[in-house]
Amino acid sequence: AASDVYKRQVLVQEKYHAEPYATFRAMIFLSIITFSIAPLFHSLVLLNGWPFLHPLFYDLLTMGVCYLVGVAFFVTRWPESKYPGSCDRSAHSHAIWHVCIIIAALAHYNVEYNIYHLFRPNGQLLSCDQFEQILQGNLAI
């Protein structure tokens with residue numbers, strides 16, 4: 001939690017928007033991506049026997065890929081670095097980065113929405129005992 005506050009402070013402070021800090025900002029973005037993707041692979045190993053979670057994997061993967069593609073555009077400043085002056089109004093790296101971030105946020109929302117409804121069958125929150133039975137395979141959702 002403290003590292004998230006630090007990352008956000010770095011990303012919003014004007015000082016870090018200068019060119020000498022471009023690599024540092026990219027590393028901050030990559031650390032955010034890494035910490036969002038790492039639980040995905042952990043859950044694949046830990047919850048491999050839960051086939052009802054597999055559809056969530058694709059949304060999480062979409063989220064991670066969109067973040068990575070967005071950061072790649074943001075860091076390389078492509079296409080304006082290759083075609084200077086031709087992408088000033090639209091289709092510049094910052095706009096593409098925002099599109100990628102929005103797609104990733106929508107994928108994240110979809111995962112959270114599905115998890116919410118997955119563990120609230122019939123509108124009732126699962127009890128700890130019911131959740132434990134699901135983990136043991138004794139109760140189906």
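Taken together, the values in this text are just the output of simple stated rules run on the coordinates, not laboratory data. All figures in this text were calculated on a predicted structure; none of them were measured in a lab. When we count neighbours, we look across all protein chains shown, and the Cβ atoms used for this are built from the backbone with ideal geometry, even at glycine.
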Counting only other residues whose beta carbon sits under 15 Å from that of Ala72, what net charge do I get with K and R as +1, D and E as -1? +2
Could you run the Karplus curve 6.51 cos²θ - 1.76 cosθ + 1.60 with θ = phi - 60° over region 25-33 and give me ³J(HN,Hα) per residue in whole Hz, x for Gly and Pro? 4, 4, 5, 4, 4, 5, 5, 5, 5
